[in-house]
Structures are given as structure tokens and as C-alpha cells.
Amino acid sequence: MTLPILQAGVVYIWEGSLDVPDKITRAARALLTDREKARADRFVYDRHRRRYTVAQAHLRRVLSQQIGMAPQDIRFHFGEHGKPFLPHGPAFNQSHSEERIMIAVAKEGRLGVDIEEIRPVKYLLALADKNFAGDESARLHAVPERERLDLFFRLWTRKEAFLKALGFGLRHPLRSFSVDPAPGAPQGLLDAGDLPEEPSSWHIGGVPCTAGATAALAVDRAEVRLEPLPYDPSGQ
């Protein structure tokens, strides 16, 4: 696996499947720390154990190229709410939904990524009314029913990516801030609410991904360029 030298203002994206042959999963496990192996072993279902293992190994391979350290030797630090980071960079984040994974890496800054498999959502409007900002919920009520599921996940992924960039995850109320779900929106963050963030300093938008899923990226730069890179879970 050969990766480019990271450039300022560019976010590098990998997206692919975590369902791989046994041989690749076994090789992936060898790259994990004892803590990660223990976490993998706590999963009830084998498919979840395998997917977590492959995801962590691929993240380690990607980062090892940038910091000049063997994948298995990387030691992550963790923020107050559990977000992993490397003290001297690069910035990174990963997300997975069922068998899909997305990893984002940048030279510096705060970034978050979220990918979600598009799936039926029970009581979608009620869920949005409870968890989304008023203007976001109003958007969902206003569109035809056939468009609601796609819009729901465009909103959700943008909001979760933003909270992941801040290191909060879903511990912070989703309804406390507002995002723009429109494809190609120039800003993305409409109202930071109670968060001490300047909307014009953020890029929050969609990321191209496999059909049947929706993904979004949040990064604390007004202008960024996305560079998709080939995903190879074998590390070749």
C-alpha cells in the first residue's frame, strides 16, 4: 500500500467492504493491540468481530504510511469522550455501518466522518422531531414521503460527522445545532447553537460512496478538496 504525502487542505478518503476472506481477517488480527483484540472478542456475532478487526487493521495500515511506524506498533491516545488521536498527527476518523467502512485522513485539523447504510426507519418523522433542530425537522415534513429517507440520512450523517469532529460523538444533543443537507452546500453548518464554533469556519458535506449508503464529512476548514483512494483490506 503506497499513499501520497498529505497536503494541507486535502482530505483523503477510503471506502469499501469489511466482509473479506478468512485469510485477510487473520492477517488483520495480527496487527491489533491486546486491547483491540479483547474488544473484538466481546462481540456476540462473528461477523461483527471480523468487521471490527478488519476496520482497525486497515486504519493502522493507512496511518503507518504517514508516521513511519509499523501498524501494530501504533499507540492511540484518546480524548475525553473516547475519540482516538495521534498527538503529532495526522488527523483521522473512521466510520462503519454493517459491512461498509469509510476512513478519512488529513494533515491536520479536526475532522469527522460518518457512513450509514440506508435502511427503513420506524417513526421517522417522530424521531426527527425529537432529535433534529426545528428547521431540519421542518424540511423532512415538507418533502414528499418518497424523499424522506434519503433526506433523513443526509441530515443524520452530516450531524454525526460534525459531532465526531468535535470529539463528542452522540453524547451532545443533535437538535442543538443545524446543518444544510443540500448536495454541494457551500457551508454546511447553518447554526452552531450552543457550541462555540463559527459556522463559516467549517466544511460539512456529503461524500460520494457506494449505492445504498450515505456518507458525510466535517472538517474545520472552510474549503477542502476530497481525494478518494483505493481501498485494499489486504494491505497490498
TODO: Let me know the shape class of the range 1-40, please: from the alpha-carbon gyration tensor, a ≥ b ≥ c as square roots of the eigenvalues, rounded when a/c is under 1.5, otherwise prolate if a/b is greater than b/c, or oblate.
DONE: prolate
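With viscosity set to 1.306 mPa s and temperature to 10 °C, compute the Stokes-Einstein D of the range 11-228, Rh being the Kirkwood radius across alpha carbon pairs; µm²/s, no decimals. If you can, show how the numbers build up before the last one.
Details: Rh = 18.1 Å.
This corresponds to a translational diffusion coefficient of 88 µm²/s.
What does the C-alpha gyration tensor say about the overall shape of the range 123-179? Classify as rounded when a/c is under 1.5, otherwise prolate if a/b is larger than b/c, or oblate.
It comes out prolate by the Cα gyration axes.
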Open item on the list: How would Arg158, Arg139 line up from fewest to most surrounding beta-carbon atoms within 10 angstrom?
Closed with: Arg139, Arg158
Task: Amide hydrogen neighbours beyond the local backbone of Glu197, cut-off 5 Å, H modeled - done: none
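Give Lys130/Lys159; Lys37/Lys107; Lys37/Lys159; Lys122/Lys159 a once-over and call out the pairs whose C-alpha atoms are over 24 Å from each other.
On the way: Lys130/Lys159 14 Å; Lys37/Lys107 28 Å; Lys37/Lys159 30 Å; Lys122/Lys159 20 Å.
Check vs 24 Å cut-off fails for Lys37/Lys107; Lys37/Lys159.
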TODO: Could you check the simple spin-label distance between Asp34 and Thr210, using points 7 Å along Cα→Cβ, in nm with one decimal?
DONE: 3.5
Task: Student exercise, the chain dipole from Lys, Arg, Asp, Glu Cβ charges, in Debye to nearest 20 - done: 840
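How large is the helix-only mean residue ellipticity at 222 nm for the chain, computed as the sum of -39500 (n - 2.57) over DSSP H runs with n ≥ 4, divided by its residue count, in deg cm²/dmol to the nearest 500? Intermediate results must be reported in sequence, preceding the final value.
On the way: 6 runs with 77 residues, N = 236.
Using -39500 (n - 2.57) per qualifying helix, the result is -10500 deg cm²/dmol.
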TODO: Highest first, please rank the peptides 26-35, 200-209 by the mean number of other Cβ atoms sitting within 10 Å of their residues.
DONE: 200-209, 26-35
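If you place +1 on the Cβ of every Lys and Arg, -1 on the Cβ of every Asp and Glu, and leave all else neutral, what size is the dipole of the range 52-109 about its Cα centre, to the nearest 20 Debye? Intermediate results must be reported in sequence, preceding the final value.
On the way: 6 positive and 5 negative charges, 24 e Å.
The dipole of the range 52-109 has a size of about 120 debye.
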TODO: Rounded to whole Hz and in sequence order, give me ³J(HN,Hα) for the range 48-56 from the Karplus expression 6.51 cos²θ - 1.76 cosθ + 1.60, θ = phi - 60°, writing x for Gly and Pro.
DONE: 6, 4, 5, 5, 4, 4, 5, 4, 5
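Please give the per residue volume of the convex hull enclosing the alpha carbon atoms of the range 1-92, rounded to a whole number of Å³. If you can, show how the numbers build up before the last one.
On the way: hull volume 11.0 nm³, N = 92.
Convex hull volume per residue, Cα atoms: 120 Å³.
Using the Cα centre as the reference, give the magnitude of the dipole from point charges on the C-beta atoms of the range 75-181 (Lys, Arg: +1; Asp, Glu: -1; all else neutral), rounded to the nearest 20 debye. Let's see the in-between values first.
Working: 17 positive and 15 negative charges, 52 e Å.
The dipole of the range 75-181 has a size of about 260 debye.
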- [ ] On a 0 to 90° scale, report how tilted helix 145-166 is relative to the longest principal axis of the chain, with both axes built from alpha carbons and the result rounded to the nearest 10.
- [x] 60
- [ ] Rounded to whole Hz and in sequence order, give me ³J(HN,Hα) for the range 84-93 from the Karplus expression 6.51 cos²θ - 1.76 cosθ + 1.60, θ = phi - 60°, writing x for Gly and Pro.
- [x] x, 7, 10, x, 10, x, x, 6, 7, 7
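Is the C-alpha gyration tensor of the range 99-217 telling us rounded, prolate or oblate? Criteria: a/c under 1.5 is rounded; beyond that, a/b larger than b/c is prolate, otherwise oblate.
Values: a/c = 1.67, a/b = 1.19, b/c = 1.40.
Oblate shape, in that a/c is at least 1.5 and b/c is the bigger or equal ratio.
A short reminder: the numbers here are calculations on the coordinates, not readings from a lab. Owing to the predicted nature of the structure, the values given are computational and were not obtained by experimental measurement. Every residue, glycine among them, receives a Cβ derived from its backbone with ideal geometry; neighbour counts consider all protein chains shown.
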